[in-house]
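Read the structure below first, then the notes.
The values are calculated or read from the model by the stated rules, or taken from the named source; none is laboratory data. A quick note: this is a predicted structure, and the numbers were derived from the prediction, not measured. Neighbour counts run over all protein chains shown; Cβ positions are idealised from the backbone, glycine included.
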Ligand SMILES: C[S@@+](CC[C@H](N)C(=O)[O-])C[C@H]1O[C@@H](n2cnc3c(N)ncnc32)[C@H](O)[C@@H]1O
């Protein structure tokens, strides 16, 4: 298929987009020939990347199922990308049709495709915003009428915090988000790491530091620190495939090869 169904009219289809390349790697239909050409080039340079993206989405889906089972019915998904191929609203609303999701992304292409996919789903909204402005995200998410911060909420930060360099103070951003939640709320983080990685990966990372999509690899302890006073639930901060696999045989022989940790935390503060 050359043209995804119903591309948003304001989208430039003549230049590749990172969000659509990502969608392609995930098996989505919201990408064009120009994106697939770039994807092939990337895949030949970094063969592990597509697997890492899929492992990240799989972790997100497992976590959303856990959260719905815990009674969570509102999700704030920041750095959501294009919500295709079994994404948060599909998984959550399949289990609870009343579940509400606000997607947030900084990339206008991802936002436009998201709005087109979600048109007609009145329990979903898409915000074009930057994680570095958490107060604005919280205010706009509340203003949609879909997120009520007086009730438990799940904040999903899947594969996005590593785009925030230390100079932008990710710890302060996380504190703002955690502080906005009531007890019983959850925080999901998946985050790229240098721990347990072969030297080639670290060399590739040094090269990527020259591009505009630089990521900051962090340690397990740093990722754990983003949970602040939240309780990090079992199995802790672990390589993504090790986070509550559906069946033990799903776990890759080398779980560290995806180069990212995942963890889920809960606000267990006692009220008043
Ligand atoms: C690796 S993708 C992850 C997509 C999805 N959460 C998942 O796990 O499959 C990262 C997404 O974060 C977005 N992003 C990067 N920096 C951001 C920022 N400062 N604020 C909001 N979104 C950001 C990118 O545009 C991209 O769509």
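Filter region 33-60 for residues that are within 11 Å of the ligand (Cβ to nearest atom) and either more than 21 Å from the chain's Cα centre (by Cα) or surrounded by fewer than 17 Cβ atoms within 10 Å (Cβ to Cβ) (or both) and give the result. Walk me through it before giving the result.
Our first condition is that a residue be within 11 Å of the ligand (Cβ to nearest atom); within region 33-60, this holds for 49, 52-60.
Matches in region 33-60: 54 only.
Mind listing whichever residues of region 123-141 are buried (at least 17 other Cβ atoms within 10 Å of the Cβ), more than 15 Å from the chain's Cα centre (by Cα) and either under 23 Å from residue 52 (Cβ atoms) or away from the ligand (no atom under 12 Å from the Cβ) (or both)?
123, 124, 125, 138, 140, 141
Can you give me the number of residues within region 18-32 that are surrounded by 18 or more Cβ atoms within 10 Å (Cβ to Cβ), part of a loop (DSSP other than H, G, I, E, B) and within 13 Å of the ligand (Cβ to nearest atom)? Can you show your working first?
Step one: list which residues in region 18-32 are surrounded by 18 or more Cβ atoms within 10 Å (Cβ to Cβ), which gives 19-26, 28, 30-32.
Now narrow it down to the ones that are part of a loop (DSSP other than H, G, I, E, B): 26, 28, 30-32.
So of that shortlist, the ones also within 13 Å of the ligand (Cβ to nearest atom) come out as 26, 28, 30.
The qualifying residues number 3.
Go through region 156-272 and tell me which helices (runs of 4 or more DSSP H), entirely inside it, have 1 or more residues that are under 22 Å from residue 132 (Cβ atoms), at pLDDT below 95 and more than 14 Å from the ligand (Cβ to nearest atom).
Details: elements: 170-179, 199-208, 220-225.
Correct list: 199-208.
Return the only residue of 120, 81, 86 being within 13 Å of the ligand (Cβ to nearest atom), at pLDDT below 95, farther than 30 Å from residue 172 by Cβ and part of a loop (DSSP other than H, G, I, E, B). Even if it seems obvious, please write down each step before you answer.
On the way: 120 fails: within 13 Å of the ligand (Cβ to nearest atom); 81 fails: farther than 30 Å from residue 172 by Cβ.
Only one candidate qualifies: 86.
Within region 252-266, track down each residue that is out of contact with any strand residue (DSSP E or B) (no Cβ under 6 Å at 6 or more places or on another chain), surrounded by 15 or more Cβ atoms within 10 Å (Cβ to Cβ) and more than 24 Å from residue 163 (Cβ to Cβ).
Initially, region 252-266 is screened for residues out of contact with any strand residue (DSSP E or B) (no Cβ under 6 Å at 6 or more places or on another chain), giving 252-254, 257-258.
Applying the additional criterion that residues be surrounded by 15 or more Cβ atoms within 10 Å (Cβ to Cβ) yields 252, 257-258.
Result: 252, single match.
Residues that are farther than 20 Å from residue 82 by Cβ and under 16 Å from the mean Cα position of the chain (by Cα): does region 178-185 have at least one? Break it down stepwise before answering.
Filtering region 178-185 for residues farther than 20 Å from residue 82 by Cβ gives 178-185.
Still in the running and under 16 Å from the mean Cα position of the chain (by Cα): none.
The answer is no; no qualifying residue exists.
Going residue by residue through region 92-106, is there one that turns out to be within 12 Å of the ligand (Cβ to nearest atom) and surrounded by fewer than 24 Cβ atoms within 10 Å (Cβ to Cβ)?
Yes - at least one qualifying residue is present in region 92-106.
Mind listing just one residue for me: the one in region 67-78 that is touching a strand residue (DSSP E or B) at 6+ places or on another chain (Cβ under 7 Å) and more than 16 Å from the ligand (Cβ to nearest atom) and, of those, nearest to residue 183 (Cα to Cα)? I'd like the intermediate steps shown before the answer.
Quick first cut of region 67-78, residues touching a strand residue (DSSP E or B) at 6+ places or on another chain (Cβ under 7 Å) only: 67, 72-78.
Next, from what is left, pick out any that are more than 16 Å from the ligand (Cβ to nearest atom): 72-74.
Values: 72: 12, 73: 15, 74: 14 Å.
Ranking the qualifying residues of region 67-78, first place goes to 72.
Taking only region 237-251 into account, find how many residues are surrounded by fewer than 14 Cβ atoms within 10 Å (Cβ to Cβ) and at positive phi.
Result for region 237-251: 0.
Inspect region 142-152 for any residue being within 17 Å of the chain's Cα centre (by Cα) and either in a loop (DSSP other than H, G, I, E, B) or within 13 Å of the ligand (Cβ to nearest atom) (or both) and give the result as yes or no.
no
Take residue 131 and tell me if it is within 23 Å of residue 93 (Cβ to Cβ) and not in a helix (DSSP H, G or I). First the steps, then the outcome.
Values: within 23 Å of residue 93 (Cβ to Cβ): no; not in a helix (DSSP H, G or I): yes.
In short, no.
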